[in-house]
Amino acid sequence: MLVEDHPEYREVIQLAIEEESDIELINQFGSAERALRSLQDRAFRKEPDLILLDLNLPGLSGLEALPYFRASIPDTKVIILTQSNKEADVLKGIQHGASGYLLKSSTVKEIIAAIRSVAAGGATIDQHIAKYILQSIQKHLPVTTLDKELSNRELETLHLLSEGLLKKEIADQLQISANTVSNYVVSIYEKLHVQNAAAAISKAYKFGILPFSD
């Protein structure tokens with residue numbers, strides 16, 4: 001199914017698909033509302049395996065319509081085909097369940113290849129906007145490096161601090177002096193750039209130094 005409000009562009013896609021023996025364009029619509037209405041009658045509707053969906057549509061936008069398509073035909077894949085290369089649109093489209101995101105500057109050959117790839121269970125992202133996805137992932141990955149790495153003893157001390165042990169208790173468990181534990185704690189604070197144990201433990205989890213337990 002093709003959901004695109006520009007007749008000329010719909011014709012380009014239609015002609016391209018007609019050249020492919022293994023792909024059939026069963027329906028095309030100029031608005032998301034009309035496309036969704038076509039799916040309401042289960043007895044007569046033609047359910048597509050894949051939808052090419054524009055974002056900038058009259059009335060209901062492609063992003064607004066995407067959750068409705070996903071709810072109505074959850075097994076159908078969606079490739080967003082749009083002029084928008086805005087980071088917010090890319091991320092929202094993927095968050096709402098799109099399996100692909102292509103710009104209209106893509107060649108017909110690239111669009112056909114994307115259809116086959118997504119229909120086979122893959123995914124496709126326009127090469128010019130893939131950087132947005134990478135940057136978004138990088139923002140949410142824990143920072144795993146420090147200016148100075150913690151020593152094994154410092155890691156042991158930090159782990160015991162996270163379990164609520166006092167310095168004397170840590171000293172007893174590690175069989176070292178309380179003064180040595182204090183030195184480790186001071187070093188940990190300096191390396192993590194914090195002022196107290198609570199901040200050290202919190203930052204250690206964010207950095208991935210301390211793993212979350214069940």
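The values are calculated or read from the model by the stated rules, or taken from the named source; none is laboratory data. Just so it is clear, the structure is predicted and the values come from calculations on it, not from any experiment. Cβ coordinates were reconstructed from backbone atoms using ideal geometry, including for glycine residues, and neighbour counts include every protein chain displayed.
Can you tell me which residues in the stretch 27-76 are among the small types (Gly, Ala, Ser) and either out of contact with any helix residue (DSSP H, G or I) (no Cβ under 6 Å at 6 or more places or on another chain) or part of a strand (DSSP E or B) (or both)? Across the stretch 27-76, the qualifying residues are Gly30, Ser31, Ala35, Ser38, Ala43, Ser61, Gly62, Ala71, Ser72. What's the number of the only condition in (1) surrounded by fewer than 20 Cβ atoms within 10 Å (Cβ to Cβ); (2) at pLDDT 90 or above; (3) at negative phi that Gly121 fails to meet? It is condition (3) that Gly121 fails.
The residues on offer are Ile125, Ile79, Ile111, and the sole one that is touching a helix residue (DSSP H, G or I) at 6+ places or on another chain (Cβ under 8 Å), β-branched (Val, Ile, Thr) and more than 13 Å from Leu2 (Cα to Cα) is Ile125. Quick one: would you say Asp75 is within 24 Å of His128 (Cβ to Cβ) and either at pLDDT 95 or above or in the same structural domain as Gly121 (by TED's automatic domain parsing) (or both)? It is false that Asp75 is within 24 Å of His128 (Cβ to Cβ) and either at pLDDT 95 or above or in the same structural domain as Gly121 (by TED's automatic domain parsing) (or both).
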